[in-house]
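A.B. asks: One structure, as structure tokens, below. Some questions next.
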Amino acid sequence: MPKTVLKVENLHKSYGNLEVLKGISFQVRQGETTVIIGSSGTGKSTLLTCINQITPPDKGRIWLEDIEITDPKTDLNMVRSSIGMVFQHFNLFTHLNALDNVRLGLTVVKKISPERATEIGIEKLKLVGLEDKLHSYPAELSGGQQQRVSIARALAMSPKLILFDEPTSALDPELIGEVLNVMIELAKSGMTMIVVSHEMGFARAVANDIIFMENGVIVEEGTPEAMFNYCKNPRTREFLHKITELYGGKKE
Amino acid sequence: MSFPELAWSILPKLLEGMVVTLELTIIAITMGALLGIPIALGRVYGSKLIYIFCTFFVEIFRGTPLLTQLFILYFGLPSVGVMLSPFTAAVIGMGLNSAAYQAEYFRGAIQSVKEEQLIAAYSLGMKQVQAIRYVVLPQMLRLVIPSWSNELIYLLKYTSMAYMIQAPEIISQGRLISSRNFRTFEVFIVITVIYLVVVLILSKFLDLMESKFRIPGL
Ligand SMILES: Nc1ncnc2c1ncn2[C@@H]1O[C@H](COP(=O)(O)OP(=O)(O)OP(=O)(O)O)[C@@H](O)[C@H]1O
Ligand SMILES: [Mg+2]
């Protein structure tokens with residue numbers, strides 16, 4: 001059995017009186033893709049930012065491989081550099097071209113030489129199909145292209161795990177496919193990924209696990225097969241039904 | 001003496017004054033930027049104490065007239081044993097004053113860099129100083145150019161206040177000349193034209209800078 005890359009145990013997070021995460025526990029094994037679904041305001045984004053601790057969790061423990069990253073002694077910058085993050089709105093550095101967006105983390109955080117960083121940058125941008133856009137600035141790229149740059153930027157750091165927060169929900173419908181295809185290739189190449197997304201076609205294609213969250217708890221979790229065909233909870237069934245109507249992904 | 005002859009004869013002295021004016025302007029704007037950037041960073045990212053200190057500085061210098069600041073530096077400080085030359089007093093006064101204004105321009109520019117880019121930087125494992133250095137500052141410097149251009153041109157004109165503490169800038173030269181030849185009107189027409197030419201050249205240069213550093217596609 002592949003080793004566990006991420007283990008989350010009893011994670012809690014509140015904003016003031018609002019309890020957003022109410023004890024989340026799950027694991028992701030190496031090379032696996034976990035898709036998280038759930039309605040708006042359920043705490044999916046909060047869960048992801050708690051994992052790389054951009055949002056500090058209130059309670060609970062998280063392990064990345066063998067290291068407990070919620071231990072106050074761990075070097076958070078080190079931890080973050082080995083967890084990739086892809087955002088709904090891409091969050092590219094607007095003053096840098098595609099190549100420099102990918103290079104920045106390598107030179108600044110990993111202290112890799114500029115020449116080597118350029119090689120890695122070009123390699124990763126090729127991987128996402130943007131070898132002809134190396135010198136374009138974010139504002140000169142389509143949403144789909146920007147998101148692929150941001151995937152390349154995450155990949156360049158050789159992360160142990162990549163977190164995707166609704167990577168296609170800000171895109172025009174005709175641009176969603178190009179991003180999902182890159183993500184499908186990534187998943188197939190053995191990258192470990194946690195993806196918040198309602199693209200059920202993607203989930204069916206590559207997810208090992210689907211987690212349904214509601215009001216800060218995990219309601220149900222299972223393989224796509226199990227979730228689509230035999231889910232136990234009526235809420236899960238209803239939600240899955242709703243998003244397959246909306247986003248497609250019915251079995252072809 | 002006809003106007004062109006007069007203008008020609010007083011031009012060397014006036015240009016000498018303009019050189020001093022430009023020196024004052026350039027030193028003050030540089031000093032203002034070197035102080036203004038850390039003050040702006042202090043107001044945005046600093047601890048409570050640093051924030052209060054920086055805000056206090058900005059409010060004092062923006063909230064009082066430049067002329068009183070210059071008078072305190074030049075006429076006031078000697079009473080506590082600090083003697084400054086007119087030029088030094090003018091440079092310090094205008095530098096501090098400009099720092100307060102520039103801090104506000106820089107702060108505005110810092111705050112218009114999207115928070116989401118900082119989150120991306122932290123997610124890559126950057127420390128706050130690295131995120132500021134590589135993500136915020138380069139964008140801030142570009143965004144600030146238009147308001148910074150205004151500040152430079154204001155400052156150039158405000159250096160005329162240094163006349164009040166006898167710094168030998170262009171107005172002082174003009175007063176000196178007109179006190180001898182009594183042709184104040186013509187002398188100040190020439191001074192006005194000199195200012196105008198310098199301002200136009202500076203504006204053109206700053207426009208070029210702005211387009212040179214513009215981020216493609218934005
Ligand atoms: N910084 C914050 N301060 C206060 N409340 C917050 C903050 N961030 C999120 N929240 C609240 O926490 C709850 C969960 O937000 P979160 O963004 O995690 O939900 P989500 O499942 O990602 O929703 P969506 O599908 O709309 O992205 C929401 O009610 C939100 O208003
Ligand atoms: Mg969200």
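A.B. asks: Would you mention how many residues in the range B:119-142 are within 22 Å of the chain's Cα centre (by Cα) and either closer than 23 Å to A:THR49 by Cβ or within 9 Å of chain A (Cβ to nearest Cβ) (or both)?
C.D. replies: So the count comes out to 3.
A.B. asks: Do you know which residues across the range A:12-33 are within 16 Å of ligand 2 (Cβ to nearest atom) and not basic (Lys, Arg)?
C.D. replies: A:TYR15, A:LEU18, A:VAL20, A:LEU21, A:ILE24 - these are the residues of the range A:12-33 that are within 16 Å of ligand 2 (Cβ to nearest atom) and not basic (Lys, Arg).
A.B. asks: I've got another one for you. Can you tell which of B:PHE185, B:PHE205, B:PHE213 is within 28 Å of B:PHE3 (Cβ to Cβ) and of a type in the set (A, V, I, L, M, F, W, C)?
C.D. replies: B:PHE185
A.B. asks: Among the residues of the range A:97-113, write down those that are facing chain B (nearest Cβ under 9 Å) and either in contact with a Cys (Cβ under 7 Å, 6 or more places away or on another chain) or more than 13 Å from B:LEU124 (Cα to Cα) (or both).
C.D. replies: The answer is A:ASN97, and nothing else.
A.B. asks: Continuing with this model, one more query. Before we move on, is A:ILE51 away from ligand 2 (no atom under 16 Å from the Cβ) and within 14 Å of chain B (Cβ to nearest Cβ)?
C.D. replies: Taking the combined requirement at face value, the residue does not satisfy it.
A.B. asks: Of the residues A:VAL86, A:VAL79, only one is in contact with an Asp or Glu (Cβ under 9 Å, 6 or more places away or on another chain) and under 13 Å from A:LEU163 (Cβ atoms); which?
C.D. replies: Just one listed residue meets the conditions, A:VAL86.
A.B. asks: Please indicate, with yes or no, whether at least one residue in the range A:135-157 is within 16 Å of ligand 1 (Cβ to nearest atom), in contact (Cβ under 8 Å) with a residue 24 or more places away in the chain and among the hydrophobic types (A, V, I, L, M, F, W, C).
C.D. replies: no
A.B. asks: Moving on. Across the range A:135-157, what is the total count of residues that are of a type in the set (Lys, Arg) and more than 19 Å from A:PRO114 (Cβ to Cβ)?
C.D. replies: Count: 1.
A.B. asks: Can you name the condition, by its number, that A:THR168 falls short on among (1) without any contact (Cβ under 8 Å) to a residue 40 or more places away in the chain; (2) within 13 Å of chain B (Cβ to nearest Cβ); (3) within 13 Å of the chain's Cα centre (by Cα)?
C.D. replies: Single failed check for A:THR168: (2).
A.B. asks: Looking at the range A:19-44, which of its residues are near ligand 1 (Cβ under 8 Å from one of its atoms), under 19 Å from A:PHE202 (Cα atoms) and either open to solvent by 20 Å² or more (accessible area, probe 1.4 Å) or in a helix (DSSP H, G or I) (or both)?
C.D. replies: Matches in the range A:19-44: A:SER39, A:LYS44.
A.B. asks: Right, next: Would you kindly identify the helices (runs of 4 or more DSSP H) lying entirely within the range A:149-252 that contain at least 2 residues that are under 23 Å from A:ASN97 (Cα atoms), open to solvent by less than 50 Å² (accessible area, probe 1.4 Å) and not β-branched (Val, Ile, Thr)?
C.D. replies: Qualifying helices (runs of 4 or more DSSP H): A:173-188.
A.B. asks: Select from the range A:1-18 the residues that are of a type in the set (A, V, I, L, M, F, W, C) and within 14 Å of ligand 1 (Cβ to nearest atom) and write down the one among them that is surrounded by the fewest Cβ atoms within 10 Å (Cβ to Cβ).
C.D. replies: A:LEU18
A.B. asks: So the check is Cβ under 6 Å with 6+ separation or different chains; which pairs have a first residue in the range B:78-91 that's assigned to a helix (DSSP H, G or I) and a second one that's not aliphatic (A, V, I, L, M)?
C.D. replies: Pairs found: B:PRO86/B:GLN166; B:ALA89/B:TYR74.
A.B. asks: For A:GLU214, state whether it is more than 14 Å from every other protein chain (Cβ to nearest Cβ) and free of Cβ contacts under 8 Å to residues at least 12 places away in the same chain.
C.D. replies: no
The values are calculated or read from the model by the stated rules, or taken from the named source; none is laboratory data. Since the model is a prediction, treat every value here as computed from it, not as a measurement. So basically every Cβ, Gly included, is an ideal-geometry build from the backbone, and we count neighbours across all protein chains shown. Ligands, DNA and RNA are stripped out before the accessible areas are found, and what is left, the full protein with its side chains, is counted by its heavy atoms. Shrake-Rupley method; radii C 1.70, N 1.55, O 1.52, S 1.80 Å.
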